[in-house]
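See structure below.
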Amino acid sequence: MAPKLFTPSGIAAVYCSLANPGFTLDERRAGARAILRHGQHTTDHNATRKPNGLHPMYMDLHGRGDRKSDELGEIKVTLKDSLHDVFDALATMDRIDGGFSLLLRCPGYQPPEKLAPGDITVDVYTSPRELAEDRENLSRSIALIIQAFGSDIALPYLQRFGKRCNVEGVEALPIPSPGHPLKVTGPSYLPAPAGRGGAYIRCRCRPGRATELAQDMSLHNLGKSAFEARASDPAVPKSTAAAPGSKVVVISDDEDEVWWGKADAVASQYDDPVPTASAIDTKKGKLAPRKSADDGYNGVIVSFGRETDFVLDEFRLGDVLIPKLRVLTKEVRSSRWEGTLRSWGLSYAQAASLSRALHIDLELKVKGVKPRRSGFKFSFLFILVAVIVILAILVVLSV
């Protein structure tokens, strides 16, 4: 049974032993920080050294004078330790009264000239036990809160902070290490904690706002549900697995994770199997009608055009992707199609090729993308030019 530390007797015991040489250096430093920060949250919030400048306690984080390097090192250590002091305080409160905590903090740093949500770094703390027990739902909600915090609060704040530094004539710290980006796929939408057993996460927001991230998550879940339903449907043929030893690449938000093995182990996540003879009504020699609409589309599957058909056939993606593409083109702006396709589990080549094909078939203007020319048309033009040149030469010779 762990002792109850925060009782009158427990606090008095620590108070009386502060001068005890048995404390380690880290414990003494923690005590000093606790004394120096005591009461800071109640006073002097709006005080500044100059009008529209920084708080009087703000320190030039680059250091000055003969001990510049020593000062800089000490300040960086203090910043890191103070952040963990806050995490310790939150964990202590949660354990004392059984509460739940969520802390978001944007470090102060020199913002770039063109600051975007994808540049925002956020330090996050949340109660570890709850995050472990309800990982998918809770991590998704927290990820959306982080994205809203980064795009709507931290971004304009950093812009104001940069102006305050200019007023004071000081240079803020450079951009910190960004951490891993938020995810659009589950079961956890948050990066892994910085340490085993902890709940401190340093993460990077995604481009766009929280509403766009929620839309990307919903689209991915829609596609995942459709493919899982097809995989569990006994009417869907299972005999199209790749040969053993084939290479399967599954794309995640942690960049490229490569698994070697049979394709059917992950095929339900992205590629729809090519219909086999079992899907054909052999009695009448026609394809059987669709018996279900797991992808949420009941109508006729109508092709987008020649370019999209070529890409679907080239990568063997299957016609089941067409209804999803129609939802994509109606609910997501064209500049985000490739990123959304990547979130469905498609590779870079598949997503880029399919996005360009959709642009071409829908007659959208895309820089550097030209429709594939027909070989017959090119050959005809070449023969026509050759005939004209030959006739011209014959006319000249006859004269």
Checklist line | Residues of the stretch 87-116 that turn out to be modelled with pLDDT of 90 or more and part of a helix (DSSP H, G or I), as a count | finding: 0
Check: Of the residues 151, 141, which single one is within 15 Å of residue 207 (Cβ to Cβ), among the hydroxyl-bearing types (Ser, Thr, Tyr) and in a helix (DSSP H, G or I)?
Finding: 151
Next item on the list: Mind listing just one residue for me: the one in the stretch 33-72 that is surrounded by 11 or more Cβ atoms within 10 Å (Cβ to Cβ) and polar (S, T, N, Q) and, of those, modelled with the highest pLDDT?
Entry: 52
Note to self: Can you say whether residue 172 is free of Cβ contacts under 8 Å to residues at least 40 places away in the same chain, in a loop (DSSP other than H, G, I, E, B) and not assigned by TED's automatic domain parsing to the domain that holds residue 338, as far as the supplied structure shows?
What the structure shows: no
Note to self: Six or more apart or on different chains, Cβ atoms under 6 Å: show the pairs whose first residue is in the stretch 339-361 and at pLDDT 85 or above and whose second is in a helix (DSSP H, G or I) and among the small types (Gly, Ala, Ser).
What the structure shows: 341/351
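Yes/no per residue for (1) farther than 22 Å from residue 117 by Cβ; (2) in contact with a Pro (Cβ under 6 Å, 6 or more places away or on another chain); (3) at pLDDT 85 or above:
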| residue | (1), (2), (3) |
| --- | --- |
| 184 | no, no, yes |
| 197 | yes, no, no |
| 206 | no, yes, yes |
| 211 | no, no, yes |
| 216 | no, no, no |
| 220 | no, no, no |
| 230 | yes, no, no |
| 243 | yes, no, no |
| 246 | yes, no, no |
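The values are calculated or read from the model by the stated rules, or taken from the named source; none is laboratory data. As the structure is a prediction and not an experimental result, all values here were calculated from the model. Neighbour counts are summed over all protein chains in view; Cβ atoms, including those assigned to glycine, are modelled from backbone coordinates with ideal geometry.
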